[in-house]
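Colleague: Would you mind keeping the following structure in view while I ask a few things?
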Amino acid sequence: MKNRATVGFIAQRQVPLDEPIHAIKCTYAYVSEGYLWKSSSYTNGTAKRCSYGAGDTVGCGIDLANRKIFFTKNGIPLDKDNLRLSFSIPSDVGQLFPFVSLCDFDDQIETNFGPNLMMPVRFLNSEKWVTHKNS
């Protein structure tokens, strides 16, 4: 991956193709430089520690019970160690659609939008990290 990549969710079915997706209202995005965007506003995380690139596995998901969007890097939630790298979903947001955005025509990625996760995800459950693996 040569340039910026962005993954996340957006609350619109159709988006303009001539502007950065993370700059659109109702977008919840994790950008490869390691920071987050929420509804076109930059959210400062710990950018150096959370940046990603070639060889990393990035995930994003929705905790429906708590109306929260979360992100993972190599199977580890970014909320670990109280980094606060997740978003609460406002009550007025209905459907959310996953997206991936690349800035270089030569960049390639593999995606998995289905139930067969390629990497186990660790969740915080009763103060202990537990691993969930789809079978």
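The values are calculated or read from the model by the stated rules, or taken from the named source; none is laboratory data. Note that the structure is a prediction, hence the values are computed from the model and not measured. Virtual Cβ from ideal backbone geometry, glycine too; neighbours counted across all protein chains shown.
Residue by residue, here is whether (1) modelled with pLDDT of 50 or more; (2) within 17 Å of Ala5 (Cβ to Cβ); (3) of a type in the set (A, V, I, L, M) holds:
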position: Val93; (1), (2), (3): yes, no, yes
position: Phe97; (1), (2), (3): yes, no, no
position: Val100; (1), (2), (3): yes, yes, yes
position: Phe105; (1), (2), (3): yes, yes, no
position: Glu110; (1), (2), (3): yes, yes, no
position: Asn125; (1), (2), (3): no, no, no
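Colleague: Now, a different point. Working carefully through the options Asn66, Asn82, Asn74, find the one that is farther than 20 Å from Arg13 by Cα and at pLDDT below 75. Please lay out each step first, then the result.
Modeller: Working: Asn66 fails: at pLDDT below 75; Asn74 fails: at pLDDT below 75.
Sole residue among the options that is farther than 20 Å from Arg13 by Cα and at pLDDT below 75: Asn82.
Colleague: I'd like the residue in the stretch 8-34 that is aromatic (Phe, Trp, Tyr) and in contact with a Gly (Cβ under 8 Å, 6 or more places away or on another chain) and, out of all such residues, is surrounded by the most Cβ atoms within 10 Å (Cβ to Cβ).
Modeller: My answer is Tyr30.
Colleague: Same structure, new question: How about the stretch 3-33: which of its residues are assigned to a loop (DSSP other than H, G, I, E, B) and over 22 Å from Ile89 (Cβ atoms)? Reasoning before the result, please.
Modeller: In the first step, residues of the stretch 3-33 are kept if they are assigned to a loop (DSSP other than H, G, I, E, B); the result is 3-4, 11-20, 24-26, 32-33.
Of everything in the stretch 3-33, those that are assigned to a loop (DSSP other than H, G, I, E, B) and over 22 Å from Ile89 (Cβ atoms) turn out to be Asn3, Arg4, Pro16, Leu17, Asp18, Glu19, Ser32, Glu33.
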